[in-house]
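Read through the structure below, which is laid out as structure tokens, and then see the notes.
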Amino acid sequence: MAMRKLILKMSVSVDGFVGGPNGEINWIFKSMDDGGAAWVLDTIGQAGLHIMGSRTFYDMASYWPYSTEPFAAPMNNIPKVVFSKKGALESVNDLLTTTALKDASRINPTQGIKNRAAVSPAAFTAADTKVAGGDLAEEIARLKQQPGKDILAHGGASFAQSLAKLGLIDEYRLVTHPVVLGRGLPLFSAIPNPVDLKLVSATQFKSGTIAHVYRPA
């Protein structure tokens with residue numbers, strides 16, 4: 001039986017950053033049109049499992065259960081594995097946990113979080129949510145061997161950097177936005193050696209955003 005793939009989907013600037021110096025993502029929304037959004041939605045919906053770091057989980061737990069956007073259903077309903085060194089999840093006391101969440105809440109003021117005092121991570125699922133606290137490579141290998149559709153990795157930046165550094169990613173789905181940030185959070189800075197990639201597809205959208213799909217050569 002073939003192992004399922006680990007796919008990393010992230011938005012990146014032309015100069016390779018996935019966030020501004022403080023994790024800002026407002027630049028993503030400026031060039032995301034209907035075609036690009038549909039492509040991302042299709043990628044999210046195809047996954048059998050979503051994996052992410054704990055800070056990203058808390059961001060999403062503070063947003064998606066209260067959103068009516070098309071992304072909300074797959075984000076809430078698809079099973080998740082959260083990678084946390086603590087080995088457990090806690091209630092979210094400070095809802096706006098990162099700059100990324102603040103940007104999303106500000107740009108989509110009618111969606112997502114609405115000044116709630118606390119959110120339980122249990123709200124962010126209509127399916128299973130598990131916590132992985134062991135060795136990253138070993139945990140990913142175990143997940144790949146399980147039956148089901150492919151695994152989709154979300155951020156944040158440090159989690160994605162770790163996956164790339166260890167060579168765990170089988171497919172990169174990078175949405176390149178027509179912006180140069182100059183400085184910020186890089187995706188590939190931790191990779192010890194060059195990695196040759198094969199371009200599988202490139203889809204351009206009206207806004208100038210291009211969705212690139214790469215696999216290790």
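Listing for the model above:
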| read-out | value |
| --- | --- |
| Pairs, first buried (at least 18 other Cβ atoms within 10 Å of the Cβ) in the range 21-49, second part of a helix (DSSP H, G or I) and of a type in the set (S, T, N, Q), C-beta under 9 Å, six or more apart | GLY23/THR99; GLU24/THR99; ILE25/THR99 |
| Residue list for the range 132-160, restricted to those being within 11 Å of ARG4 (Cα to Cα), within 18 Å of the chain's Cα centre (by Cα) and in a helix (DSSP H, G or I) | ILE140, LEU143, LYS144 |
| Single residue of ILE191, ILE210 found to be among the hydrophobic types (A, V, I, L, M, F, W, C), over 14 Å from the mean Cα position of the chain (by Cα) and over 26 Å from ARG55 (Cβ atoms) | ILE210 |
| Residue tally, condition crowded, with 17+ Cβ neighbours inside 10 Å and in contact with a Gly (Cβ under 6 Å, 6 or more places away or on another chain), over the range 165-180 | 0 |
| Qualifying residue in the range 40-53 (condition: aliphatic (A, V, I, L, M), in a loop (DSSP other than H, G, I, E, B) and more than 15 Å from ASP150 (Cα to Cα)) | no |
| Search result, residues across the range 191-206 that are at pLDDT below 95 and of a type in the set (Ser, Thr, Tyr) | none |
| Any hit, the range 189-198, residues being in a strand (DSSP E or B), of a type outside the set (Gly, Ala, Ser) and surrounded by fewer than 18 Cβ atoms within 10 Å (Cβ to Cβ) | yes |
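The values are calculated or read from the model by the stated rules, or taken from the named source; none is laboratory data. Just so you know, these numbers come straight off a predicted model, no measurement behind them. No Cβ is skipped: glycine too gets one built from the backbone with ideal geometry, and neighbour counts run over all protein chains shown.
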